[in-house]
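Visitor: What follows is a single structure, and I will ask about it in a moment.
The values are calculated or read from the model by the stated rules, or taken from the named source; none is laboratory data. Because the structure is a prediction, the values reported are computed rather than measured. Here the Cβ positions follow ideal geometry from the backbone for every residue, glycine too, while neighbour counts run over all protein chains shown.
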Amino acid sequence: MPWHLFWAPLLLAGGLSYLLTWGAKSLAAKFGWYAYKTKHQVHDRPIARLGGVAIFLSFVMPFLIFLELTPPRIGLLLAVTIVFLMGLWDDLFNVRPWAKIVLQVAAIAVAIAFGLHIGQVSNPFGGVIILPIFWDIFFTALWLWLVTNAMNLLDGLDGLAGGVGAIAAVTLFVLSLFTIVNQPETAIMAIVLLGAVLGFLWWNWYPAKIFMGDSGSYTLGFLVGGLAIISGAKLATAALVLGFPLLDMLWAGFRRLRLGRHPFSADREHLHHRLLDVGIPHQGVVLITLSVVALFAFISLLSGTKAKLALLALVALLMVIVLRTVIFLRRRKRKS
């Protein structure tokens with residue numbers, strides 16, 4: 001597929017997202033749909049939310065225009081609609097944690113029922129591993145759930161979740177055009193997602209004028225997870241891009257359970273919060289994080305399966321080193 005054919009979906013999604021985000025910001029001002037400062041948040045003034053509405057609509061509309069509807073794609077759209085509506089309801093009225101889990105499981109079940117599943121994974125020693133149906137369903141559900149919630153928990157600083165989502169979309173776009181994958185229609189999905197995120201980021205970059213809210217972060221996470229499956233179950237590549245968010249989420253859940261709290265309760269102990277607390281500026285934390293994510297994304301595109309597994313181990317090691325260093329610096333800062 002000629003490269004110039006990707007410009008139309010990118011520009012349409014980006015233009016829609018820009019305009020719809022502006023509209024959501026205006027509606028928020030009219031109806032008071034703001035995120036107010038709490039002890040868990042870093043902004044010091046009310047910020048419009050519901051930017052996720054713009055991301056969702058600016059992905060779905062070009063998707064329906066430029067792509068043929070196959071069962072897995074229908075499943076992706078239906079499932080992400082459930083996730084989006086759940087997030088929107090949470091933005092407006094708050095949803096209990098157990099209800100979120102139920103709705104996320106329902107969305108994942110819909111996606112799998114329509115044929116969106118991993119099926120097989122690359123064997124580091126050559127060939128592929130065909131997953132038995134139970135493990136296929138289990139790992140598909142686990143992957144979608146992890147990525148969806150990791151993106152949600154990442155959404156704590158201006159431009160952070162959107163920036164990671166944009167890098168993931170670019171990575172999946174390039175990956176889909178590799179000869180070994182050769183999925184130009186998946187590339188269109190990724191470029192539409194990129195446009196939807198970039199149009200929103202114009203308004204969300206520091207200092208943010210609007211947040212994506214749960215409706216945006218859950219939507220973005222589910223789409224990244226789903227597109228990683230559609231692009232040939234290139235989960236190692238996507239996991240490298242999302243390595244820090246995924247590990248941060250798992251560490252946060254473990255830490256809260258150890259303290260007897262709900263694993264999804266809010267706090268200010270995520271990696272980006274810790275970096276802020278040691279004195280790194282808001283925008284500096286975002287740029288550092290995005291630079292690391294982009295670096296691993298670039299390396300993952302040039303690496304084979306064995307190298308990707310080694311890189312995943314390296315990401316985990318770096319996460320431990322960074323966390324220990326930040327904890328040490330924060331303790332020293334408090335003592336001084």
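Visitor: Residue by residue through segment 77-97, note down the ones that are touching a Phe, Trp or Tyr at 6+ places or on another chain (Cβ under 9 Å) and of a type in the set (S, T, N, Q).
Guide: The one that is touching a Phe, Trp or Tyr at 6+ places or on another chain (Cβ under 9 Å) and of a type in the set (S, T, N, Q): T81.
Visitor: Kindly indicate which of V60, V53 is without any contact (Cβ under 8 Å) to a residue 24 or more places away in the chain, under 19 Å from the mean Cα position of the chain (by Cα) and assigned to a helix (DSSP H, G or I).
Guide: Only one candidate passes the filter, namely V60.
Visitor: Looking at segment 202-216 only, could you name the residues that are buried (at least 24 other Cβ atoms within 10 Å of the Cβ) and either of a type in the set (A, V, I, L, M) or under 18 Å from I167 (Cα atoms) (or both)?
Guide: Residues satisfying the conditions are N204, I210, M212, G216.
Visitor: Under the condition of being under 15 Å from L78 (Cα atoms) and not hydrophobic (A, V, I, L, M, F, W, C), which residue from segment 222-234 is farthest from the chain's Cα centre (by Cα)?
Guide: If we take residues in segment 222-234 being under 15 Å from L78 (Cα atoms) and not hydrophobic (A, V, I, L, M, F, W, C), then G226 is farthest from the chain's Cα centre (by Cα).
Visitor: Do any helices (runs of 4 or more DSSP H) entirely within segment 252-336 hold 1 or more residues that are out of contact with any Leu (no Cβ under 6 Å at 6 or more places or on another chain) and at pLDDT 75 or above, and if so, which?
Guide: Correct list: 271-277, 282-301.
Visitor: Is it the case that segment 88-110 has a residue that's surrounded by fewer than 17 Cβ atoms within 10 Å (Cβ to Cβ), in contact (Cβ under 8 Å) with a residue 60 or more places away in the chain and hydrophobic (A, V, I, L, M, F, W, C)?
Guide: No, because not a single residue in segment 88-110 is surrounded by fewer than 17 Cβ atoms within 10 Å (Cβ to Cβ), in contact (Cβ under 8 Å) with a residue 60 or more places away in the chain and hydrophobic (A, V, I, L, M, F, W, C).
Visitor: Test L12 against the stated conditions and say whether it is modelled with pLDDT of 85 or more, in contact with a strand residue (DSSP E or B) (Cβ under 9 Å, 6 or more places away or on another chain) and in a helix (DSSP H, G or I).
Guide: Answer is no for this residue.
Visitor: On the basis of being hydrophobic (A, V, I, L, M, F, W, C), touching a Ser or Thr at 6+ places or on another chain (Cβ under 9 Å), surrounded by fewer than 19 Cβ atoms within 10 Å (Cβ to Cβ) and at pLDDT 90 or above, does W135 make the cut?
Guide: no
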